[in-house]
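Enquirer: Here it is: the structure, laid out below.
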Amino acid sequence: MVYLQLSRSVMHIEHKAGNKMYIDFAGKKLSLSRIDNIRQDVEVFVAILGCSQLTYVEAVASQKKEDLIAACENALRYFGGVPEAIVPDNLRSAVTRGSRYEAVLNDEFAAFAEHYATTVIPARAYKPRDKSLVEGAVKLIYRSIYNKLDNSRFETLEQLNSAIVPLLEIHNNKPFSGRNYSRREQFEEIEREALVLLNPVRYEVHKQVMVTVMRNGHVRLGEDVHYYSVPYNYVGKKVKLLYTSGSVKVYYNYTMIAFHQRVRTKHHYTTQETHLAPQHRYISEWTPENFIRQAEEIHSDVAGYISKVLEYKGHPEQAHKSCSGIPNFARRVGTVRLRNACRWADNLGQ
């Protein structure tokens with residue numbers, strides 16, 4: 001009996017200011033009543049600072065990593081700073097594989113933590129006391145928030161979260177039971193200054209996909225049906241596209257080989273000249289302006305005829321051979337004969 005009592009003993013934990021933020025999803029879901037009268041259940045994210053117990057609550061569409069990271073980031077901005085560590089309850093969207101000793105983090109959540117210069121310390125599996133603080137917070141919001149929303153109807157997440165905000169403020173400003181100060185007062189007094197400054201740039205969730213570089217030296221981002229160039233020597237290689245709402249990065253064996261601003265125009269190509277093979281680069285550099293500029297260096301009559309050829313052909317690629325061949329005659333027959341030939345052809349309308 002004495003052994004059992006000793007083995008079940010617990011230690012009181014003093015939470016250091018600015019040390020940890022505990023996060024979890026509530027067990028009970030809230031719901032939306034859409035216009036078509038279909039009920040849609042939504043998840044409720046809860047975050048709490050260990051020392052002051054200031055709490056953040058937000059309804060999200062799912063427990064997927066995109067929603068978890070967005071809610072977690074909103075919590076940091078609500079608190080106005082970053083704690084030394086974030087403690088998730090082995091959520092699948094944060095932890096790839098749980099462990100009693102050392103869990104494996106989801107790459108995306110780890111990148112999010114790195115962006116905000118904090119650490120992720122998952123709660124130990126089978127150790128309920130590691131997550132008792134956030135579980136206690138969840139029970140409290142059932143009474144202070146859930147019960148107040150019972151008779152309300154919301155069609156969107158925005159409407160639901162707008163209703164949660166004032167109730168959350170009441171919860172955080174209400175004095176602790178048996179004490180004359182609230183979570184908010186305790187936070188302002190001892191924890192706000194202990195938090196690290198926020199990164200002013202919001203984190204963007206990265207998506208990734210493996211693709212093969214096509215023979216034309218481009219890769220296809222299927223989500224947008226848009227094509228991006230990579231260096232020509234990677235044709236036929238398997239590469240990884242890592243993309244956000246604003247950029248596309250291409251990696252080969254963990255090395256970034258291309259970077260582009262994301263473009264969502266379907267069936268179009270974004271190409272960097274330096275990525276092209278030398279023979280392709282030569283062709284791409286011959287724009288109508290280049291043809292005319294080279295002809296002007298010989299004579300205005302030659303430039304005038306080149307302009308007519310470009311206009312007649314309709315598309316510069318169709319006129320490439322003609323326009324690149326005409327100036328070459330200057331080396332073979334001389335500039336005078338070439339100028340006269342262009343003037344004669346122009347007069348004949350050829």
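The values are calculated or read from the model by the stated rules, or taken from the named source; none is laboratory data. Since the model is a prediction, treat every value here as computed from it, not as a measurement. Don't worry about glycine lacking a Cβ; one is built from the backbone with ideal geometry, like all the others, and counts go over all protein chains shown.
Enquirer: Among (1) in the same structural domain as residue 49 (by TED's automatic domain parsing); (2) more than 30 Å from residue 141 (Cα to Cα); (3) not basic (Lys, Arg), where does residue 170 come up short?
Expert: Going through the list (1) in the same structural domain as residue 49 (by TED's automatic domain parsing); (2) more than 30 Å from residue 141 (Cα to Cα); (3) not basic (Lys, Arg), residue 170 breaks only (2).
Enquirer: Only one of these conditions is not met by residue 152: (1) among the polar types (S, T, N, Q); (2) surrounded by 14 or more Cβ atoms within 10 Å (Cβ to Cβ); (3) assigned by TED's automatic domain parsing to the domain that holds residue 64. Which number is it?
Expert: The single condition residue 152 does not satisfy is (2).
Enquirer: I would also like to ask the following. With respect to residue 263, determine if the residue is part of a loop (DSSP other than H, G, I, E, B) and either in contact with a Cys (Cβ under 6 Å, 6 or more places away or on another chain) or hydrophobic (A, V, I, L, M, F, W, C) (or both). Outline the logic, then answer.
Expert: Working: part of a loop (DSSP other than H, G, I, E, B): yes; either in contact with a Cys (Cβ under 6 Å, 6 or more places away or on another chain) or hydrophobic (A, V, I, L, M, F, W, C) (or both): yes.
Taking the combined requirement at face value, the residue satisfies it.
Enquirer: Of the residues that make up segment 82-99, is at least one modelled with pLDDT of 90 or more and either in a loop (DSSP other than H, G, I, E, B) or aromatic (Phe, Trp, Tyr) (or both)?
Expert: yes
Enquirer: Take the residues of segment 160-172 that are more than 15 Å from residue 79 (Cβ to Cβ) and without any contact (Cβ under 8 Å) to a residue 12 or more places away in the chain: which is nearest to the chain's Cα centre (by Cα)? Before you say what the answer is, go through the steps one by one.
Expert: Of segment 160-172, the ones more than 15 Å from residue 79 (Cβ to Cβ) are 160-164, 166-167, 170.
Among the residues that remain, those that are also without any contact (Cβ under 8 Å) to a residue 12 or more places away in the chain are: 162, 166.
Details: 162: 25, 166: 30 Å.
Per the criteria, the residue is 162.
Enquirer: Would you mind telling me which numbered condition in (1) outside any strand (DSSP E or B); (2) more than 30 Å from residue 81 (Cα to Cα); (3) among the charged types (D, E, K, R) residue 240 fails?
Expert: Of (1) outside any strand (DSSP E or B); (2) more than 30 Å from residue 81 (Cα to Cα); (3) among the charged types (D, E, K, R), only one is false for residue 240: (1).
Enquirer: Right, next: Is there a residue in segment 144-159 that is of a type in the set (Gly, Ala, Ser) and in contact (Cβ under 8 Å) with a residue 60 or more places away in the chain?
Expert: Looking through segment 144-159, none of the residues is of a type in the set (Gly, Ala, Ser) and in contact (Cβ under 8 Å) with a residue 60 or more places away in the chain.
Enquirer: Here is a further query. Could you identify the single residue in 243, 234, 227 that is more than 30 Å from residue 59 (Cα to Cα), touching a Lys or Arg at 6+ places or on another chain (Cβ under 6 Å) and not β-branched (Val, Ile, Thr)?
Expert: 227
So that you can scan it fast, the table gives a plain yes or no per residue for (1) crowded, with 17+ Cβ neighbours inside 10 Å; (2) outside any loop (DSSP other than H, G, I, E, B); (3) free of Cβ contacts under 8 Å to residues at least 60 places away in the same chain:
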site: 134; (1), (2), (3): yes, yes, no
site: 142; (1), (2), (3): no, yes, no
site: 177; (1), (2), (3): no, no, yes
site: 200; (1), (2), (3): no, no, yes
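Enquirer: Can you name the residue in segment 204-213 that is at pLDDT 90 or above and surrounded by 14 or more Cβ atoms within 10 Å (Cβ to Cβ) and is also farthest from the chain's Cα centre (by Cα) among such residues?
Expert: Within segment 204-213, the match that is farthest from the chain's Cα centre (by Cα) is 213.
Enquirer: Could you identify the single residue in 194, 123 that is at pLDDT below 90 and either closer than 27 Å to residue 15 by Cα or assigned by TED's automatic domain parsing to the domain that holds residue 261 (or both)?
Expert: 123
Enquirer: Any residue in segment 231-251 that is buried (at least 16 other Cβ atoms within 10 Å of the Cβ), among the basic types (Lys, Arg) and at pLDDT 90 or above?
Expert: Within segment 231-251, one or more residues are buried (at least 16 other Cβ atoms within 10 Å of the Cβ), among the basic types (Lys, Arg) and at pLDDT 90 or above.
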